[in-house]
Amino acid sequence: MSSSSELQRLVEIMRKLRGENGCPWDREQTHNSLRPYVVEEAYEVLEAIEEESPAHLREELGDLLLQVVFHAEIAEEQGEFTLADVLSELNAKLIRRHPHVFGGQEVEGVKEVLANWEAIKTAEKGEKPVSLLDGIPKTFPALLRAEKLQKKAVKVGFDWPEITGPLDKVKEETEELVKAWRRHEQEGPTVQSARQLEEEFGDLLFSLVNLARFLKVNPELALQRTCDKFYARFRRMEELAAAHGESLAGMTLAQLDALWEESKEQS
């Protein structure tokens, strides 16, 4: 079957699920109640890409598409817009923002394509943003938001000339964090000292995201891979302990460290 016919079938299934004799859970959902699922499905798509599994990716893309159709169905019920409106607007936007493909405009490289994209996007909004940094959702994961903010600031030349800049900044922010922690410990925990500690920790994370940008490393994916590595090694520790009839909970720190090193050697 064609993509268009399958999409129409999905719309009809969704309409039945939301209908009078449909699914009680589906019928009670709203745009707000579905918010967590949009984020979850997007992350599951990323996980499938990481696994390099076409079958898993196919499944997760379907789940993400379901969220689009679900929201469109709710909107149509409320007389706001339809899925056809969503697709029509998307098609028009893609054509409008690619004049070098659909309009005969000539460009030299990716940088000019991105510059044109931003210019067209700004014109579409009908008003000039108050700040260059506007347009980045506050609901983005913090690492992603930091990366987006930094990339926008770079457009006006606000950037380190070379990698030694962000490297030194990471060292500086680490020292500031240590100072804040010592004050927090010596003077006794207070709301103000706790907030200062949090702020300095945030500054360090922000500087690490900046360094990642210079290294051309995606900070979110890098941290995810480290989490996966930690999980695998810790799981191996549990297996090693179980093989000797022991539990991690009953071990000393020295024993746990020894198991960690053994796990690292085997991974």
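Any read-out appearing in this document is the output of simple, stated calculations on the displayed coordinates, not a laboratory observation. All values derive from a computational prediction rather than experimental measurement. For neighbour counting, all protein chains shown are included, and Cβ atoms are generated from backbone atoms with ideal geometry for every residue, glycine included.
Could you sort the peptides 19-27, 47-55 by per-residue average Cβ neighbour count (10 Å cutoff), highest mean leading?
By packing density, highest mean first, the sequence is 47-55, 19-27.
For all pairs of alpha-carbon atoms in the chain, what percent lies in each bin of width 10 Å, listed from the first bin to the last filled one?
Taking all Cα pairs of the chain, the binned fractions are 5, 15, 23, 26, 17, 11, 2, 0 percent.
Connecting C-alpha atoms closer than 10 Å in a GNM of the chain, tell me which of Gln255, Gln224, Gln196 has the biggest fluctuation.
The residue that fluctuates most here is Gln255.
Per residue, how big is the convex hull around the C-alpha atoms of region 49-184? Give it to me in cubic angstrom, could you?
So the per-residue hull volume is 251 Å³.
Work out from phi, with θ = phi - 60° and the Karplus expression 6.51 cos²θ - 1.76 cosθ + 1.60, the ³J(HN,Hα) of each residue of region 146-153, listed in order in whole Hz, and give x for Gly and Pro.
Whole-Hz 3J(HN,Hα) from phi for region 146-153: 4, 5, 5, 4, 5, 5, 5, 5.
Which order results if His244, His98 are arranged by neighbouring Cβ count within 10 Å, fewest first?
By the 10 Å Cβ count, ascending, the order reads His244, His98.
Dipole of region 52-199 (Lys/Arg Cβ +1, Asp/Glu Cβ -1, origin at the Cα centre): which of Ala180, Thr82, Ala55 lies farthest to the positive side?
Positive-most Cα among the choices belongs to Ala180.
Provide the per-residue ³J(HN,Hα) series for region 239-248, in order, calculated from phi with Karplus coefficients 6.51, -1.76, 1.60 and θ = phi - 60°, each as a whole number of Hz, with x at glycine and proline positions.
Whole-Hz 3J(HN,Hα) from phi for region 239-248: 5, 5, 5, 5, 5, 9, x, 10, 10, 4.
Which values, in whole Å and largest first, are the semi-axes of the equivalent ellipsoid of region 120-161 obtained as the square root of 5 times each eigenvalue of the Cα gyration tensor?
Taking √(5λ) for each Cα gyration eigenvalue gives 20, 16, 7 Å.
Using Cα pairs under 8 angstrom and six or more residues apart, how large is the relative contact order of the chain, in percent?
The value is 9 percent.
How many percent of the alpha carbon pairs in region 160-217 exceed a separation of 16 Å?
46
Which value, in debye to the nearest 20, describes the size of the charge dipole of region 197-267 about its Cα centre when Lys and Arg Cβ atoms bear +1, Asp and Glu Cβ atoms bear -1, and nothing else is charged?
Once rounded to the nearest 20, the dipole reads 420 debye.
Between region 59-109 and region 213-249, what is the C-alpha centre distance in whole Å?
39
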